[in-house]
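Peer 1: Below: one structure in structure tokens.
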Amino acid sequence: MFMVLGSGAPLTKIITSTETQVEFIARAIKKMEENGDDSAIRDATKKAGKEWIELCESVAERNLFKVTDSWILGTNVRGRKKALRVYFGGMMNYRKELKPLIEEPLLT
């Protein structure tokens with residue numbers, strides 16, 4: 001199963017984000033069909049997850065969301081730890097981050 005618009009997704013127009021992620025998923029499925037297996041499926045490693053969070057955090061440092069209390073950081077729920085849940089780098093940069101994941105040899 002693939003997840004669209006989960007935690008760490010870009011904060012952009014929803015149609016653009018959805019389209020980009022669905023295109024990525026379609027390419028992964030196409031690779032699996034070409035290879036006759038599930039070789040295009042990848043579970044994120046702890047290291048990759050940590051690196052993505054660090055990237056999201058560094059990008060967020062450049063805007064005001066990081067210093068405010070807002071639903072975007074989860075502070076609207078009493079007792080919830082303030083945490084970044086989106087990618088603030090914009091769609092163009094998000095696509096640049098996805099590009100290596102859809103090229104050889106990662107999806108072979």
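Peer 1: Using a 7 Å offset from the Cα along the Cα-to-Cβ direction at both R80 and A26, what is the distance between the two label points in nm, to one decimal?
Peer 2: Modelled inter-label distance: 3.3 nm.
Peer 1: If you don't mind, there's one more thing I want to ask. List the GluC sites (Glu not before Pro) within the stretch 33-99 that fall in a DSSP loop (any state other than H, G, I, E or B) and whose Cβ has at most 14 other Cβ atoms within 10 Å.
Peer 2: Numbers: sites: E33, E34, E51, E54, E57, E61, E97; in loops: E61.
In loop regions of the stretch 33-99 (DSSP not H, G, I, E or B), the sparsely surrounded GluC sites (Glu not before Pro) are E61.
Peer 1: On to the next question. Students often forget the sequence filter, so: which lysines lie under 29 Å Cα-Cα from K31 once same-chain residues fewer than 8 apart are removed?
Peer 2: Here the lysines satisfying the reach criterion relative to K31 are K13, K46, K47, K50, K96, K99.
Peer 1: If I take R0 = 30 Å and measure r between the Cβ atoms of T16 and K47 in this structure, what FRET efficiency does the formula 1/(1 + (r/R0)^6) give, to the nearest 0.05? If you can, show how the numbers build up before the last one.
Peer 2: On the way: r = 29 Å, r/R0 = 0.95.
Given R0 = 30 Å and the Cβ-Cβ separation, E is 0.60.
Peer 1: Remind me, relative contact order of the chain in percent, using alpha carbon pairs under 8 angstrom and six or more residues apart?
Peer 2: This gives 37 percent for the chain.
Peer 1: Can you list the residues, at least 5 places off or on another chain, whose amide H is less than 5 Å from the amide H of Y87, using H built in the peptide plane?
Peer 2: Close amide H contacts, sequence-distant or interchain: G8, A9, L11.
Peer 1: Tabulate in residue order the Karplus-calculated ³J(HN,Hα) for the stretch 4-12, using 6.51 cos²θ - 1.76 cosθ + 1.60 with θ = phi - 60°, rounded to whole Hz; enter x for Gly and Pro.
Peer 2: For the stretch 4-12, the Karplus-derived couplings read 9, 6, x, 4, x, 6, x, 8, 9 Hz, x marking Gly and Pro.
Peer 1: Between the stretch 1-25 and the stretch 54-78, what is the separation of their alpha carbon centroids in Å?
Peer 2: Value for the Cα centre distance between the two parts: 19 Å.
Peer 1: Could you compute Rg(Cα) / (2.2 N^0.38 Å) for the stretch 14-102, with N its residue count?
Peer 2: 1.32
Peer 1: Taking only DSSP H segments of four or more residues, each worth -39500 (n - 2.57), what value at 222 nm results for the chain once the sum is divided by all its residues, to the nearest 500 deg cm²/dmol?
Peer 2: Theoretical 222 nm ellipticity from helices: -15000 deg cm²/dmol.
Peer 1: How would S17, S7, S58 line up from fewest to most surrounding beta-carbon atoms within 10 angstrom? Present the calculation step by step, with values, prior to reporting the outcome.
Peer 2: Details: S17 19, S7 14, S58 11.
The order, fewest Cβ neighbours first, is S58, S7, S17.
Only the coordinates and a few stated rules stand behind these numbers; no lab work does. All figures in this text were calculated on a predicted structure; none of them were measured in a lab. Using ideal geometry, Cβ is built from the backbone for each residue, glycine included, and neighbour counts are taken over all protein chains shown.
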